[in-house]
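Structure, as structure tokens:
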Amino acid sequence: MVSSISGLQPSTIKSKKLGFGGGCHWCTEAVFQALKGVSKVEQGYISSTNKNDSFSEAVIVHFDYTRIPLEVLIEIHLLTHKSTSNHSFRNTYRSAIYYLEDGIVEDLEHIINELQPEFDNSIITKILPFKEFKPSREQIQNYYKKNPNKPFCEKYISPKLELLKDKFQKHTL
């Protein structure tokens, strides 16, 4: 687990919302819904700017940084999707952290750099400005909560939730 960033005070982190994209938004949604300090997860599609202006599956996470540190959120995100793989579906599943306020970019970069030694390959996750969000259809929101026994959930989501329980027990519900 990443150590605490020296000098980083909660008052320097103005955003209590971040976007996360990487894998299927059903998986990403379930992972963040399982955490203490996360008050809301919006599942859908996020666009950024320039060459990342197409919509990609992602979630917006509303969190209380006094209950779950930013470092922990980032580490969980990097460990629960293929954050080092530039596979052929990256347009649909962009590996990204979307910021809503400029003041957090350096903190995000620092955290990712601090976590890099835990990975065998280079982290490809991009730090991108948030531009727009489109929610998923109502019938697929809260997918894991509604369908925990479906084959997709058992194969892809349940192992990620087990990882959370094993490695981040004090942060899981």
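Screening Gly37, Gly22 for residues that are more than 20 Å from Arg90 (Cβ to Cβ), open to solvent by less than 50 Å² (accessible area, probe 1.4 Å) and touching a residue at least 40 places away in the same chain (Cβ under 8 Å) leaves exactly one candidate, Gly37. For Tyr144, indicate whether it is under 16 Å from Val41 (Cβ atoms) and not acidic (Asp, Glu). Yes: the conditions hold for Tyr144.
In this structure, Ile46 qualifies as buried (at least 23 other Cβ atoms within 10 Å of the Cβ) and either of a type outside the set (Asp, Glu) or outside any strand (DSSP E or B) (or both).
Taking segment 122-151 as the range and being within 14 Å of His25 (Cβ to Cβ) and either of a type in the set (Ser, Thr, Tyr) or touching a Leu at 6+ places or on another chain (Cβ under 7 Å) (or both) as the test, the residues that pass are Ser136, Tyr143, Tyr144.
Could you identify the single residue in Pro148, Pro129 that is of a type outside the set (Asp, Glu) and either more than 18 Å from His62 (Cα to Cα) or touching a Gly at 6+ places or on another chain (Cβ under 7 Å) (or both)? Show your work before the answer.
Details: Pro129 fails: either more than 18 Å from His62 (Cα to Cα) or touching a Gly at 6+ places or on another chain (Cβ under 7 Å) (or both).
Every option except Pro148 fails the conditions.
The values are calculated or read from the model by the stated rules, or taken from the named source; none is laboratory data. Just so it is clear, the structure is predicted and the values come from calculations on it, not from any experiment. Cβ: placed from backbone, ideal geometry, glycine included. Neighbour counts: every protein chain shown. Ligands, DNA and RNA are stripped out before the accessible areas are found, and what is left, the full protein with its side chains, is counted by its heavy atoms. Shrake-Rupley method; radii C 1.70, N 1.55, O 1.52, S 1.80 Å.
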